[in-house]
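To keep things clear, I will list the structure first and then write my remarks on it.
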């Protein structure tokens, strides 16, 4: 099972993206738990994640979150702005899976 954590400003704007990613995972036969939280909650969820993807609105947190991820062996990257804006679940899922060893 893959554990994919998404982070945005409040955890709400990524909820539709989570749904699209879950649909893509089911279609592809990928077992994944995908969830979204607000930036203030990331620390409480990071230990459960295999990868953390952050939304464009909190991109400024990338350096700080990358450092936290490195200490736990978790890849942290920003979600492609175009894929985020178009709510392209399959592409964001593909990106997340490419980061998980």
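Every read-out reported here was derived from the displayed coordinates using simple, explicitly stated rules and does not represent laboratory data. Bear in mind the structure is a predicted one, so any value in this text is a computation, not a measurement. No Cβ is skipped: glycine too gets one built from the backbone with ideal geometry, and neighbour counts run over all protein chains shown.
Key figures
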quantity	calculated
Of 29, 69, 89, the one that fluctuates the most in a GNM where the chain has Cα springs shorter than 10 Å	29
Beta bridges per DSSP with both ends in the chain, % antiparallel, nearest 5	5
Estimated [θ] at 222 nm from DSSP helical runs (n ≥ 4, -39500 (n - 2.57)) normalised by residues in the chain, nearest 500	-12500 deg cm²/dmol
Ranking of 82, 92, 51 by count of other Cβ atoms within 10 Å, fewest first	82, 51, 92
Inter-centroid distance (Cα atoms) of region 1-38 relative to region 49-78, Å	15
For 62, 53, 46, order by how many other beta-carbon atoms lie within 10 Å, fewest first	62, 46, 53
